[in-house]
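The values are calculated or read from the model by the stated rules, or taken from the named source; none is laboratory data. Note that the structure is a prediction, hence the values are computed from the model and not measured. Neighbour counts are summed over all protein chains in view; Cβ atoms, including those assigned to glycine, are modelled from backbone coordinates with ideal geometry. Note: accessible area is taken over every heavy atom of the protein model, side chains too, but ligands, DNA and RNA are not part of it. Shrake-Rupley method; radii C 1.70, N 1.55, O 1.52, S 1.80 Å.
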Amino acid sequence: MSSPTTTKEQGLWTAVRELPSNVWSSVFRHPLPASDLDRAQTSFTNFFLHLHPVKVNRNTLRPVYTMGLGLISLFLFMILVTTGVLLMFYYVPSTTQAYDRMLDLRGTVAFGIFLRNMHRWSAHAMVAIVFLHMCRVFFTGAYKKPREFNWVIGVVLLLVTLFLSFTGYLLPWDQLAFWAITVGTSIAGYAPLVGSQVKFLLLGDTTVGQEALLRFYVLHVAVLPVALTMLVAIHFWRIRKDGGLSRPEGDGEAGAGIMKLRIEAETAAAPSRAAAALKNKVYGLQGFVRANFTKVGNVPDNSVYAWPNLLLAELFVFVLTVSVILVLSLLFNAPLEEPVNVMHPPNPAKAPWYFLGLQEMVSYSAFWGGIGIPGLMVALLLAVPYIDRGRQGVGKWFSRDRLLANTLFISMVILNVIFIIIGTFFRGPNWSFVSPF
Ligand code: HEM
């Protein structure tokens, strides 16, 4: 018979031997899924995976439908937060130190320049990709009922993204930053009645200086990222509640309504069979989500498990996004001009590229270019899903049923792009027209 000490030693030895597998199974409660039930449970029990539905419609995974643009926006934001936090270890929001810190990043901090490049190129990319994501949502009619409110959240997300990028632009405190923000904030000053107050609120002074740098810094590293994170969380939550991504009608898109009709039709046709099927059916809690669901009753569906289908697609987009930003950051350095010289404005002083369309319009009319037209555009964007109520053409790129809406929207986009191109390449000293060739 073994002594109590030997039994204790054996127990300890077993615990040590099983330590890795016990730790692993305490974190991941299920082995790699081998059956449909496992796949569903994996999605439920893992914190990150439970953000996904257990099953998604095949249309969601078609690369040509979403082009992954929403996901790319999210991953760019994640890169920005990571590199931004690392940059914060070196940056000081002071007019006497900020520029020197940029030089330190370039010269003395290990991988400092690379970190700054990644942050800069991700920020520019995010502005462009969020805009393209909005275009994709519009051209596929995905803003229509029941996704109206998520579109509105999206418009706010676009504005916050622009403002985040704009506030970051000032931080290097070089000539480019100083004059771009001077021009940008003077556009805000054109607003009737409240223009000068808004400008003062932004700058904390009448000109760009220490107060503005501090305000832009606080907005850039705290207020706006937190706001964006919360809005993105609501955005994703709404996607789930709105029944997943939009898809052509008939592909489960009319959702609960269609499902109800089918069950009613089935009940009418074969009362006993349908009643038995419904009685024996076990519903998971997920069945109570008021939205389109996939497999209740004997309804054929066009869905696949999120694990591994959606997850692999997301992983692919993540790797692609990070790779592109890494390559860009290796090839191109973020600009850093001379330190700020308030006596020597560059001629012409240009706003960041995404506001150059505004600056171009301001050169025709300060009020209409700076406030009137952009304000009207934002109001129109917010109102679109409440004006355009037809159900036709949802889930299809450039559907002929939506010819008018698509034509109006694409005209707005093209006009904006033309203004940005003119402002970037065709404007010289005193905003005169120059040829770039
Ligand atoms: C930080 C900015 C944003 C992030 C991270 C984001 C993220 C996402 C993601 C991941 C999706 C799911 C699939 C996809 O299309 O890739 C999505 C869908 C959607 N987004 Fe965004 N988005 C952002 C901005 C916007 C903007 C600017 C709008 C419109 C003004 C918008 C409106 C929508 C709508 C309506 C859907 C549902 C589309 C559908 O059902 O087909 N989002 N978003």
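Determine whether the stretch 382-399 contains at least one residue that is open to solvent by 40 Å² or more (accessible area, probe 1.4 Å), free of Cβ contacts under 8 Å to residues at least 12 places away in the same chain and of a type in the set (Val, Ile, Thr). For the stretch 382-399, residues open to solvent by 40 Å² or more (accessible area, probe 1.4 Å), free of Cβ contacts under 8 Å to residues at least 12 places away in the same chain and of a type in the set (Val, Ile, Thr): present. Among residues that are in a loop (DSSP other than H, G, I, E, B), open to solvent by 20 Å² or more (accessible area, probe 1.4 Å) and away from the ligand (no atom under 16 Å from the Cβ), LEU87 is not included. In the stretch 66-79, is there at least one residue being buried (at least 21 other Cβ atoms within 10 Å of the Cβ), in a loop (DSSP other than H, G, I, E, B) and in contact with a Lys or Arg (Cβ under 9 Å, 6 or more places away or on another chain)? No - not one qualifying residue is present in the stretch 66-79. Kindly establish whether THR185 is in a helix (DSSP H, G or I), more than 16 Å from the ligand (Cβ to nearest atom) and hydroxyl-bearing (Ser, Thr, Tyr). Spelling it out, THR185 is indeed in a helix (DSSP H, G or I), more than 16 Å from the ligand (Cβ to nearest atom) and hydroxyl-bearing (Ser, Thr, Tyr).
Conditions (1) among the hydrophobic types (A, V, I, L, M, F, W, C); (2) open to solvent by 30 Å² or more (accessible area, probe 1.4 Å); (3) touching a residue at least 24 places away in the same chain (Cβ under 8 Å); (4) not in a helix (DSSP H, G or I), marked per residue:
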residue: ASN117; (1), (2), (3), (4): no, no, yes, no
residue: TRP121; (1), (2), (3), (4): yes, yes, yes, no
residue: LEU176; (1), (2), (3), (4): yes, yes, yes, no
residue: PHE200; (1), (2), (3), (4): yes, yes, no, no
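Among the residues of the stretch 335-357, is any more than 30 Å from LEU105 (Cα to Cα) and in contact with a helix residue (DSSP H, G or I) (Cβ under 9 Å, 6 or more places away or on another chain)? So far as the stretch 335-357 goes, yes, one or more of its residues are more than 30 Å from LEU105 (Cα to Cα) and in contact with a helix residue (DSSP H, G or I) (Cβ under 9 Å, 6 or more places away or on another chain).
Scanning the stretch 120-179 for residues being within 10 Å of the ligand (Cβ to nearest atom) and among the polar types (S, T, N, Q) gives a total of 3. LYS295: at pLDDT below 65, of a type outside the set (Gly, Ala, Ser) and assigned to a helix (DSSP H, G or I), yes or no? No; evaluated as a whole, the condition is false for this residue.
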